[in-house]
Each structure stands twice: as structure tokens, then as C-alpha cells.
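Enquirer: Quick one: the structure is below, and I'll ask about it shortly.
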Amino acid sequence: MHELLLFASVPAHQHHELLQQLAGLTAMQPRHRLERRLVFKAYRKPGLVTTRVGASQDLQGADFQRLNKMLNGGMYYTQVVGPVTKTDFGTAASSRMPASSDADVSMSGSGESSYCYENQPWKLEFRDIPEAGTRSAVTTRLMASASLPKGDIAIPMNAWGYSFVAEYMVEGDVFVHNDIVIFLHRVLLYPSAGSQESHGPRRQLPPYHELAPLERTGSYVLQAAITVQDGGNQELMKTASQHLFGLREQLKSAVRLEQADRLSLDTRAK
Amino acid sequence: MSESFTLPLRPLIEKRERPDTLPLEIAQINAQWGSFRDVTEESLRAKIEEEKNKDPWAEDEEAEKPTVEIDSTERVDQLYKRRAEITQFAMQAHMEALFALDFVSLLLSKHTPRQAELSMSAYLKQVAPLGSLNAEIVNPPPKSEAALQDIKTVSRGWRLQNFNAAANKLLKSATRLEAEVASETKYWNEVLAVKDKGWKVCRLPRDRQALGVQYGFLEATPIFRDRGLAALRRAEDGSLLLDKGLIPQRARTVRVRVRTQKQYTGCSKVSWSLPSEDSIERRILQARDTVYEEELFHEMVREARILGSQGVTTRQNLVQVPVSEDQEILLDLVDVDQGEPAETETHTNEHDTLADAVAHSIRILLAYAHRQNLRRRTQPPPPLSQKRRTIPEYQLLRPVMAYLQHTAHVRSLETFLNEMAEVLKSAGLRCEITAAPFASVRLPQAPSSAPKVEALVRPFLMPFESTFTGNLITPESSFCVKVRTSTVAPPAGTFYDLTVNLPHYPEVKPPSRIGLQNEAAAALTHLILLDIVSSIARTGAKPPMDEAGKGLSWEVAYAHHGELRALSRSGNNKKMKVSLSREELRVETWPLHGVGVPRREEDQSAQLRSQSWRSGSSEPSRPSLMEFVHEVSHDRP
């Protein structure tokens, strides 16, 4: 599958207004979305045979082969995405530590029990570096998604040859406009806990208000995306980009949607 | 600014002392009419009468009359002549204008030859050299005092006239503006009233200058969605006009009629409870209802096309849905004002409620389909591929059909089972039947994620299932009938699932899927017959002791034919035949001579004993089945 994208930067003060404009354009209420995103880096285990050789290879589609090569090539970062809700976040238990012990226990108990790491669903999202040398004014890249088992994802991912790198949170609203998925979002970072970093995904979520936006000004990113089943079909790719241009034209007075810098979306592990 | 400042626009005319004009007038009369000597009152009156009678237009009419009578060819001639005249006049005017132009150009060519040359005709250029005409100011001869006075008066009069004309124009435009402001105010007030009522008012996408009101349904099929927007135009007097473009203004609605045995027995209401006065609100509501109704009908026809295999037929403006053998439902789109059925049709109001219920349900189902559309639209779309996403037909007729068919089947089965129970009761047998109609329809109890309205509709889109369970006469034996109706999933129609528990006939398994009602009834009758036979055999196993101390014991000969026999040591062999239908239970016994071979006919009829039980006929003297069996079990011929 291929993904065609356009991006725009939305300053924080415009966010509310744009939400309303998008709601009017798409005739739907925004769907709020909170996602945990874990970044994994593929590595080649010594002595691991990555590709099967033989007759079975002929049966696989060329696209699949390419994808397989990329996933196992040891040179790409992949993301594991897990949706969460606002109730999954911890309450301000840590800040209430000095309060009376009874209240503290009940508070922290209720705060932590709401999020169950063992039941967290996950999805693997692979994104290639955007295609180079396309004359079209949209960002085009190869993509693939797959659902993963629930619960602790670090173990299966390790077994498949991925190591955990970092994690962050994405907060935003989704709109659907015909074939286009519009995602107005921003990246939130966890408060730095120090020791826990880089060992694995968190089992508890900190209170929501402790998350800090990556972009200090609190600005948002508007992402308009169309996925195309068959990236080799020029006709479809053209239609998809026409749709995106149509949206760009419609939103012209509000935001400027444009192509992203190719290298800023580089997912290769150096 | 509270006091309005009035500015006089008309010039003030000084009222001068009018000089006495009587001598002048007398002189005028003398000049026109002659001296006063002959004037009498009579002659003056006669003159006035004459003036009065004379029609001012009489002369014109007389002149015109002959033109009316001339025939068409002459008219055409005349027309051409007049046209020629007109063109001639125009040509002449043109020529004169050209002459004037040439003259002015020649005059100007003295001073500005380059510019004047441009507007000169070629002929003039040839004939007269440039600058050959000059103009000079000539001192006019001094005018007389009287002439100067005249000119003064005339110019004064002109000026006054111009002032008057300007004032008139200003005042006229003021009144026009006032009217315009009033109508504009009215228009905007009405627009605001519409907006305050909660309608969405927006600019029209095509016509950016005009306002529109959105009353349609966003989730409807595109053609109907786009029709849900109408322009709010301003009439001359400022009232609001709802401009729906080319769409006819008539209000239309879907009418539901029920036809039983070729006669109309029910019709749904077609009039709405709209605000009675003809307000803009009413027109918007009517437009909204019409667009909804037309979409409803459109979708029903679309759905009816795929239901051809289930007996649904479509005409140009009619959908016929069969419900049962002798009943069908007709749906058509009619104008609201002529929606009442014609009087010529034989019409009773027996099924009006049914028709209304159907009318309401299809509308609820369309609203549900709209909600489903919204749900589908707001989900992340699948990847773009060459296959176009088609919108499946809405479920409008199918749930209604399924419900009605299911009800019909369940009712008839219930009647059948009740009749059966009556028959058995009259024979002194107990048979308990419990019915659970629409067991599959479970209304949502706990609040689910879906909105309540959707959760309410959803069970009605699933296949319907009703169950009937009953205990038979022999203990431990029971039956269970499941009636399933589905018009959505492929095995369309109604099916009966029979499960039985007959400990005496473990090998009897009813067919798992019965499609016809008669077959299901026959299978049930057969099962009950088997049960009766086995219960007779069971009571017969403990032979009743009569006075002689002897009794016969019945044993089953051919269970599936309801035949039993009793063998006796004394040779009084007997045969019993049980027959069961929904009307009666009949038991016959006759003696047997030799196993299975009846004797001659007349003997048989002489010794035949029979008893039948019917439902409803309650003869207290009649023995029950078991008493009858007991009676015929005596070991005597």
C-alpha cells in the first residue's frame, strides 16, 4: 500500500478555529484520538536467516517481498501504535504523596488500576522514506500496517528482531473527508523519569497534564492522507493526489497544505 | 438627531397678486365664440351635452375600425410597409447625423485638423479641403427690452421646471428607497426567524450572492442530499420565497395501502401535522418532508428490485409487497392533496392501523439507514482501489416483510396449536403449549455504545425467531417448534425447525427444516398422533379389570398409521384406529378375526365402535378418550 500525504503547520491559537472549520467541511464531529507510539529499531540477529529461499518465494507478491526485506533488513525504524483513552492516564497520585496515607492508597489505587497494560491493543506501522524524484507535489511513501497481539509488546517484538528505542504520545483529532483522513495532531513527550528510559515501554501512564508537547509553542500538525491499495497503478495515484489537491484548494484560506521535506520523514536507521 | 430635518426640495413660488383677468377672458370669448348676445342657458347646456356625448376616442376608433377587418395578407403588407417606413426614417436620421458630424468635423478641422480628420467622411475629404470652414463670433444685434424680458421669463420657467423635475426624482427615489428598506427589513427578519427556528442558513455554493437554507439530510444519497438546499429569495414585497429550482413544488408522500383479497382494506394517513398557516416554516418543513419521502420511495424501489425473487414487484410508481397468500401491501408516491384513495375502490378501514404501522416503520428504517451512513462515512476509509465502493440497498422493505410474514406464520401456527389443544382437551387429554413469539427480539437493557435509537432498531433487522414449546400426553415427551424468518440472509423466507423428545419412538426425527406451513402442521399432527397412540398403549399395558376379571391390553401395531390391536386369549381380538386432524380426534375399534384380517364388511360395520371428539362441542355425557379405551378394552365381542 502507498500513502499520499500533505502537511501543514497549525499554530496553537488557530487550533480551535481550524477544528470547527474542519468539522464544517467534513460534516462530522472530530474523533479525538490518543495514541501511544513506541519506536522500535530493527536489528539483525547474528546467524538469523532472514529470508526464506526456495519455491515459496515465488509465491509471494513482489510488494510483499519488498516489505519483508525492509522489515528484516535491519535498517528501518518501525512504530507500534496503541490507542488509549484519557481515563487510562494516571491521576495526580504522585503529587499527593504527602497527604494522609488512607486517601493516598485509595487515590493511587484508583488511578493506576484504570490502565491495563496487559490489555493494550497494538498495531505495527511501517513507513518507508518518501519516494524521491517524483514530480508530484505530494509526499508519497510505501506503508504497511498489521495488528499485533495485545499486552506486553516488547517481548514479541524482541523475538522478531526489534529493539525498543523510545516512546511518545500523539494527541489529536481525526476527520474523514471522502477518502482523505485528516489528522490534526501534536506529539506529547512523557515527563523524564530518568532511570526507566529506554528499557521498555511504560506499564503505567503518567497523569495527562504532565505530558509536555514536543513543540514548545503547542502548535499542531495537520496531516491529510490517502492510502492507495496498489501504488503501481498510476491512475489511482493520480486520482488520490487530485483529491488531496482538491482539499488543499478548499482549505487554502485557512491553512497551507504542502509536501513535507523528504529527509525529515526518513525512517532508516543509520 | 432626534428631530427630523426637512429640506424643501421644490422651489418656492411666490404668489403674486394676480391681475384681474376678466377683461382679457371676455375679449378671448368674444374672439372665439362671438358676442354674448345669442347665448342662452339652453344653448349652453345643449353644447355641454354634446361635448359630453362625444367620446374623446371616437375619432381614433373610427379610424382604427377598418384596420381590424382587413385580412392577414394585407396586415402583412402593411407590416412590411411600416417596417420600410421605419427603416427609412432611421436611415434618414442616420444620414442627417452623418451630415451633422461632417459639418462639425469640417468646422473643427481648422483648429485641430488631425482629430477632426478622423471623424470626416471620405467624400467630404475629397470635396472640401481641411480647414476650409471657419466660425467666428458675431456680435448679435441688441435685443429689444421686451425680448430680453421674454428670455428672462422663459429661462426662469425652464429653471423652475428643472428644479421641479429634480425634486420629483429625488422624492420618488426616496419613496422607492423607503419601500426597499422596508422589504429588505422584512426579508432579513424572516431569514433571522428561519435561523432562530434552528434551520441552517448558508450561502449557496453556486450562487454566492444568495442565501440558502439547508433542510435536507446530510447522509442521504447524493442526489437527495443536494436537493436539501434551497435558496431563500426575496419577493417584491420582501417576503421570503423558497426557491427549490427545477424541482416541482408539490408536496409528495409515500402512501401505504393494504389489499386483502383484491380489496383495499387499509390506507395510511397521508397528511402531516404541519403548522396550519402558510408560513415559510411550513414551506421548509414541507420541502424537507417531500425530499425525505421521495428518497424513501427511491430507496424502496431500489430495494424492491433485488427482492424480485421474493415476490416483490415494481411498477412505475408502485411497489407491491406480498405478506401472505391473500394479503399484500402497496406502496406508492402520491401528492399530499390527492392522497386519499378514490371512492370507487371498495375500501374498508380494517387495516388502517397496519398501514400506518408500516408507513412509520419504513420511515424509521430510513432514518436508521442514514445513521448507518454517517457511521460508515466517519470511519477511516479503506485504501483507494479500483473497485468502487457501492452503497448497499437500505433495509426498508425487508424487515417489514420479514416481520409481517413472521407474524402471519406465527399466528397461523398458534391457531393450529390452539385448535389442536382444544381437540385434545375435549378428549380429556392435557397438552400444554407455551408460545414465545418474537423471542429473538430483545430490546437493549444495558446502555451500549451505540445510541439508544439505533440499539432499538437493530434487533428488528436480525432474522426473527419465535418458539413454541409443548408437553405431550405421555410424560417426558415434548416438542419444540422454532419459526425463523429472514429476508436478509440468503435462505430467505420462513422455516420451521421441529425438535421432539419422544421416549417411546427414539427413532422418530422430524425433518429439520420445513418450509411450508401445511407440512409443519402435518408433521406436528403426526407427532401428536404418535404420542396418543403410545399413551393408549401405555394405559393398555395395565389392562382394566372388568367384572369378569378379564381385560384386553392394547399394543401398537402400526404406530404411524395410528393402529393398535388387542389380542385376547378368548379370541376377541380387536383393532383400534386413531385418526387425528385439526378438527377432530377419532377412534374406531372393530373386532379382528385372525391377525390383521377383518371379516366381511357388514359384520365389521355392525361391530364397529367409534367415537370422535371435536373442539368446542362440549357434551358432558361424552366419555373421554381414556374412558372410551377403557370401555372397549373389555374382553368380549
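Each row is one residue, and each column tells you yes or no for (1) within 14 Å of another protein chain (Cβ to nearest Cβ); (2) surrounded by fewer than 16 Cβ atoms within 10 Å (Cβ to Cβ); (3) in a loop (DSSP other than H, G, I, E, B); (4) at pLDDT below 85.
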site	(1), (2), (3), (4)
B:A342	no, yes, yes, yes
B:E350	no, yes, yes, yes
B:T353	no, yes, no, no
B:V358	no, no, no, no
B:I362	no, no, no, no
B:L366	no, no, no, no
B:A369	no, no, no, no
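Enquirer: Working only within region B:373-399, note down all residues that are part of a helix (DSSP H, G or I), within 14 Å of chain A (Cβ to nearest Cβ) and touching a residue at least 12 places away in the same chain (Cβ under 8 Å).
Expert: Our first condition is that a residue be part of a helix (DSSP H, G or I); within region B:373-399, this holds for B:373-378, B:397-399.
Then drop every residue that is not within 14 Å of chain A (Cβ to nearest Cβ), which leaves B:373-378.
Listed by number, the residues that qualify are B:N373, B:L374, B:R377.
Enquirer: Of these, A:S192, A:S147, A:S136, which one is closer than 30 Å to A:G246 by Cα and among the polar types (S, T, N, Q)?
Expert: Among A:S192, A:S147, A:S136, only A:S136 is closer than 30 Å to A:G246 by Cα and among the polar types (S, T, N, Q).
Enquirer: Now a separate question. Looking at A:L18, A:L22, which one is modelled with pLDDT of 70 or more, buried (at least 16 other Cβ atoms within 10 Å of the Cβ), away from chain B (no Cβ under 13 Å) and not in a strand (DSSP E or B)?
Expert: The conditions single out A:L18.
Enquirer: Continuing with the same structure: Which one of these is touching a Leu at 6+ places or on another chain (Cβ under 6 Å), under 17 Å from A:A8 (Cα atoms), among the charged types (D, E, K, R) and away from chain B (no Cβ under 14 Å): A:E215, A:E171?
Expert: A:E171
Enquirer: Sticking with this one: Inspect all residues belonging to region B:166-175 and state whether any of them is more than 30 Å from B:E281 (Cβ to Cβ), touching a helix residue (DSSP H, G or I) at 6+ places or on another chain (Cβ under 9 Å) and assigned to a helix (DSSP H, G or I).
Expert: Checking region B:166-175: not a single residue is more than 30 Å from B:E281 (Cβ to Cβ), touching a helix residue (DSSP H, G or I) at 6+ places or on another chain (Cβ under 9 Å) and assigned to a helix (DSSP H, G or I).
Enquirer: Between residues in region B:302-319 that are exposed (fewer than 12 other Cβ atoms within 10 Å of the Cβ) and residues that are not β-branched (V, I, T), which pairs lie under 8 Å by C-beta distance while being six or more apart or on different chains?
Expert: Hits for this filter: B:S309/B:A492; B:N317/B:D332; B:N317/B:L333.
Enquirer: Still on this structure, I have one more. For B:W188, are the conditions met, namely being away from every other protein chain (no Cβ under 14 Å), modelled with pLDDT of 85 or more and closer than 30 Å to A:H177 by Cα?
Expert: No, not satisfied.
Enquirer: Quick check on my filter: what residues within region B:409-421 are surrounded by fewer than 18 Cβ atoms within 10 Å (Cβ to Cβ) and either touching a helix residue (DSSP H, G or I) at 6+ places or on another chain (Cβ under 8 Å) or modelled with pLDDT under 85 (or both)?
Expert: B:S412
Enquirer: Here is a further query. Hey, among the residues in region B:320-336 that are outside any strand (DSSP E or B) and touching a residue at least 24 places away in the same chain (Cβ under 8 Å), which one's nearest to B:G216 (Cα to Cα)? Write out each step before concluding.
Expert: The first filter runs over region B:320-336 and keeps only residues outside any strand (DSSP E or B), leaving B:325-326, B:336.
If we keep only those that are touching a residue at least 24 places away in the same chain (Cβ under 8 Å) as well, we get B:326, B:336.
Details: B:D326: 38, B:V336: 19 Å.
Among them, the one singled out is B:V336.
Enquirer: Within region A:233-270, which residues are more than 30 Å from A:A12 (Cβ to Cβ) and in contact (Cβ under 8 Å) with a residue 60 or more places away in the chain?
Expert: Just the residues of region A:233-270 that are more than 30 Å from A:A12 (Cβ to Cβ), to begin with: A:233-240, A:242, A:268-270.
Selection gives A:M237, A:A240, A:R268, A:A269.
Enquirer: All but one of (1) at positive phi; (2) more than 14 Å from chain B (Cβ to nearest Cβ); (3) not small (G, A, S) hold for A:L188, so report the exception by its number.
Expert: (1)
Enquirer: Identify the residue in region A:218-252 that is within 14 Å of chain B (Cβ to nearest Cβ) and assigned to a loop (DSSP other than H, G, I, E, B) and, among all such residues, is surrounded by the fewest Cβ atoms within 10 Å (Cβ to Cβ).
Expert: A:G232
Each row is one residue, and each column tells you yes or no for (1) surrounded by fewer than 20 Cβ atoms within 10 Å (Cβ to Cβ); (2) in contact (Cβ under 8 Å) with a residue 60 or more places away in the chain; (3) under 30 Å from B:E328 (Cα atoms).
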site	(1), (2), (3)
B:T221	yes, yes, yes
B:R225	yes, no, no
B:A231	yes, no, no
B:L240	no, no, no
B:K244	yes, no, no
B:R250	yes, yes, yes
B:T253	no, yes, yes
B:T260	yes, yes, yes
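The values are calculated or read from the model by the stated rules, or taken from the named source; none is laboratory data. Small disclaimer: the values here were computed from a predicted structure and weren't measured. Every residue, glycine as well, gets a Cβ built from its backbone with ideal geometry; the counts of neighbours run over all protein chains shown.
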